[in-house]
Amino acid sequence: MAELFKSSEILNVAIEIEKNGETFYSTMAERLKEEKVRELFRFLAGEERKHAQDFTRMLESVGRYQPRGESYPGEWESYVKALADSRIFTREMKPDEMAEKVKTAADALDMAIGAEKESILFYTEMKRFVPESEHNVIDGIIEQERGHFMKLSALKASL
């Protein structure tokens, strides 16, 4: 019998991603000079904080969940862990250290746009690992991440 994947593990990764995103956006909001970019990054830091709270709430309510449709035991667990490891906000790439590498507002926006795109992919795939009753929460977060992507892209185009 295949070992059940712990959806709590994937939720812990999501919480870490969101907290790191909040740190990155807060740091950039303090360091950058362009007020429009600072304002957007302050807003996004707050959004990431809310997402971490949503995932923490989900974590409290989920147990072990078996994803459907695996070709072999552990397939989806390996896939999602690989996605998480490739994320822009991981333990290995600390958000405050990343912020040190940013030289311009355009650099910060590029980094943020990449993070939001990766978040959309990660959370879309993550849905397979949580009970259906929680899909609406993740769908809402995905829509917010899409909105973040669009706002960041529009701001970058206006610079």
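Per-structure values
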quantity: Test: residue in region 37-51 that is small (Gly, Ala, Ser) and modelled with pLDDT of 95 or more; calculated: yes
quantity: Sole exception among (1) modelled with pLDDT under 90; (2) of a type in the set (A, V, I, L, M); (3) buried (at least 18 other Cβ atoms within 10 Å of the Cβ) for Leu109, by number; calculated: (1)
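The values are calculated or read from the model by the stated rules, or taken from the named source; none is laboratory data. The model shown is predicted, which means the values in this text are computed figures rather than measured ones. Every residue, glycine among them, receives a Cβ derived from its backbone with ideal geometry; neighbour counts consider all protein chains shown.
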